[in-house]
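The values are calculated or read from the model by the stated rules, or taken from the named source; none is laboratory data. A quick note: this is a predicted structure, and the numbers were derived from the prediction, not measured. Cβ placement follows ideal geometry from the backbone for every residue including glycine, while neighbour counts extend to all protein chains displayed. Quick note on the areas: whole protein, heavy atoms, side chains included, nothing else; ligands and nucleic acids left out. Shrake-Rupley method; radii C 1.70, N 1.55, O 1.52, S 1.80 Å.
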There are 2 protein chains.
Amino acid sequence: MATPSAGRSRVNRGSEQVRERLIESAIAEFAAHGFEGSSGRRIAAEAGAHQSQINYHFSSKNDLWKASLERLLAELDSALASNLAAVDESDARARFSASVQGLVQFAARRPELNRIMMHEGAAPGDRLRWLVDNHMRGRHADLMSAWDALTASDDAAAVDRDVVYHSLVGAASLLYANAPEAVLLGIGPAGRDLVDRHAASVVAMFLKPLNH
Amino acid sequence: MATPSAGRSRVNRGSEQVRERLIESAIAEFAAHGFEGSSGRRIAAEAGAHQSQINYHFSSKNDLWKASLERLLAELDSALASNLAAVDESDARARFSASVQGLVQFAARRPELNRIMMHEGAAPGDRLRWLVDNHMRGRHADLMSAWDALTASDDAAAVDRDVVYHSLVGAASLLYANAPEAVLLGIGPAGRDLVDRHAASVVAMFLKPLNH
DNA sequence: TGTAAGTTTGATCAATTGATACTAGAACTT
DNA sequence: AAGTTCTAGTATCAATTGATCAAACTTACA
């Protein structure tokens, strides 16, 4: 009767698949049209489900949106973690480079997260507050402390501290968040080597060259 | 009877003001919620007008959106032109710096344009195609030829050519396009000096230092 | 002032929205 | 096999959407 909670117990073989498909098509729809421009019926149809199943598996359009974002952010975390796994703990430059590379690669592979963030960041509201409180504040703090360390070791380029976060995210992700525009402009489609060149470019923007 | 065209003739004193107010509140609404998430009734109410006046002064929600974008792009052009007016024609570095400064200042003063561009760039469609065909292709080409000149004179930083446009726009505008998010993160509100530091940072990202 | 054009206002249209209620059926446990 | 729980499917709700129409009002010019 009630919405199945995180720990579903018994009959969940096919149900889990519907949940997955709903989240996947919700991610696509929210990224393309924003929350308010997205339709639950379109999301359900794309997932091969009925609109009322959204309210069954999630309790509302809002909760489906939250589930979609938690999925995307978990993917980002795992991508960043695997990119940082092999890097020397004490090498701040290498860790920064690996993080930027991970960010760019993820933005290219999963542009939906940056698209949704750009939709939501454009206006105040409950969803934005939820995003910042539950997910973005920590990421922002992590970047700032990494940046402060780079500044202390004279590895940071001439970029103002207040501006690092959004400049970095913007430089790393707009090409993919706005990929449909880039295609019309004749850029891409983004091959693997373009992404690598892009990551190297972003690193060069924020890190002083080594032998200086 | 028909929608009044650009050259209105007689009774147009108050009408022109309604048109202006509709465009102004449409800009705010489209920037905050995207085209599909925006409501004509909300736009009209904000402008102190009736919903049907949108279809009278513009013939459709789509045409109101186009008028809004032409307004914003005209403002951008005039801001950039005035920023470039006093700069030496032959000094490519100075012209690039002045353009970047103009871009950052405009993004801070009128974040709506970048917000709308980020909404529309996230998915293919008629509006995006109209934007690119009528306004963005030329701007992109202008930046690329400026960049090629900077590359030829060894003034361009180590940024891949395919990536310059979106990296520059992203680095220059995301902080303002997503200002509501930045506020929640404790950045800003953007003072005049922050904008100047931001512009200098972006210039430093894309231009090699002078005496190198 | 009278007439015609321009503009506002209010009503209405079919279509779509998110959510809810209810029935039918499938799957697991005992 | 019986009984229970979970899931799918259908129908429906009030609210909102963009657009259209016609009537009322306003302004300018003859």
A:Gln53 passes all but one of the listed conditions (1) more than 11 Å from DNA strand C (Cβ to nearest atom); (2) surrounded by fewer than 21 Cβ atoms within 10 Å (Cβ to Cβ); the exception is number (1)
Worksheet item: Among the residues of segment A:128-144, is there at least one that is β-branched (Val, Ile, Thr) and either at the interface with another protein chain (Cβ under 8 Å from one of its Cβ atoms) or within 30 Å of B:Phe35 (Cβ to Cβ) (or both)?
Response: yes
Listed by first then second residue, the pairs whose first member lies in segment A:43-70 and is assigned by TED's automatic domain parsing to the domain that holds A:Arg21 and acidic (Asp, Glu), whose partner is within 7 Å of DNA strand C (Cβ to nearest atom) and open to solvent by less than 70 Å² (accessible area, probe 1.4 Å), with beta carbons under 7 Å and at least 6 positions apart or on separate chains, are none
message = Just to be sure before I move on: is A:His119 out of contact with any Pro (no Cβ under 7 Å at 6 or more places or on another chain) and over 20 Å from A:Ile27 (Cβ atoms) in the structure I sent?
response = no
Considering only helices (runs of 4 or more DSSP H) wholly within segment A:129-212, the ones with at least 3 residues that are in contact (Cβ under 8 Å) with a residue 24 or more places away in the chain are A:137-152, A:161-177, A:192-206
Being at pLDDT 95 or above, at the interface with chain B (Cβ under 10 Å from one of its Cβ atoms), farther than 22 Å from B:Ala177 by Cα and surrounded by fewer than 17 Cβ atoms within 10 Å (Cβ to Cβ) narrows A:Ala152, A:Ala199, A:Ala158 down to just A:Ala158
Checked against (1) at the interface with chain B (Cβ under 7 Å from one of its Cβ atoms); (2) under 27 Å from B:Met144 (Cα atoms), A:Gly186 satisfies every condition except (1)
Open item on the list: Checking the structure you have, find out if any residue of segment B:111-125 is among the charged types (D, E, K, R) and more than 8 Å from chain A (Cβ to nearest Cβ).
Closed with: yes
Within segment B:33-71, residues among the basic types (Lys, Arg) and near DNA strand D (Cβ under 8 Å from one of its atoms) come out as B:Arg41, B:Arg42, B:Lys61
The condition from (1) open to solvent by 30 Å² or more (accessible area, probe 1.4 Å); (2) within 16 Å of DNA strand C (Cβ to nearest atom) that B:Val87 misses is numbered (2)
Across (1) within 14 Å of another protein chain (Cβ to nearest Cβ); (2) more than 16 Å from DNA strand C (Cβ to nearest atom); (3) within 25 Å of A:Pro180 (Cα to Cα), B:Lys66 clears everything bar (1)
Filtering segment B:175-196 down to residues that are at pLDDT 95 or above and among the β-branched types (Val, Ile, Thr) yields B:Val183, B:Val195
For this session: With respect to B:Leu174, determine if the residue is open to solvent by less than 10 Å² (accessible area, probe 1.4 Å) and closer than 17 Å to A:Leu168 by Cα.
Result: yes
The lone condition B:Asn211 fails out of (1) of a type in the set (S, T, N, Q); (2) under 20 Å from the mean Cα position of the chain (by Cα); (3) open to solvent by 20 Å² or more (accessible area, probe 1.4 Å) is (2)
